[in-house]
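Q: Okay, here's the structure, questions in a sec.
Computed from the coordinates by the stated procedures, all read-outs in this text should not be read as laboratory data. The shown structure was predicted, so the numbers you read here are calculated from the model rather than taken from an experiment. Glycine also receives a Cβ, built like all others from the backbone with ideal geometry; neighbour counts cover every protein chain displayed.
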Amino acid sequence: MLSVDINGSNACNDSMATLTIRKLPDEIRDKLRVRAARAGRSMEAEARAILTAVFQEKAEVVSAQGLQEIVGELYGKHKPESVFEDLIAERRKEAARE
């Protein structure tokens, strides 16, 4: 499952964002679970460590091409094709329900 929902506030800590990932391939989830277990942490803590490491290493401004390369590294051949269009469609459905 992969669709990203970033909220600027969190019930536990108003200075931290919340990230929900949908449409993440099972294979990627399983690899994250194994990697987290080897490191002795939860999947959430492992994902946080991975993201922190990636963006601390790449502290410079990332170009659109650079962002595409990061996404390619993260997803490999499982890279979603129409995330932007899917996100817009999902938001329109939510708006119609409201």
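Q: Taking the simple approach of a point 7 Å from Cα along Cα-to-Cβ for both residue 86 and residue 56, what is their distance in nm?
A: 3.0 nm
Q: In terms of the Cα gyration tensor, with a ≥ b ≥ c the square roots of its eigenvalues, is the range 15-98 rounded because a/c is under 1.5, prolate because a/b exceeds b/c, or oblate?
A: prolate
Q: Also: Collect residues whose amide H, placed 1.01 Å from N in the peptide plane, falls under 5 Å from the amide H of residue 18; neighbours closer than 5 in sequence don't count.
A: Result for residue 18 returns 7, 9.
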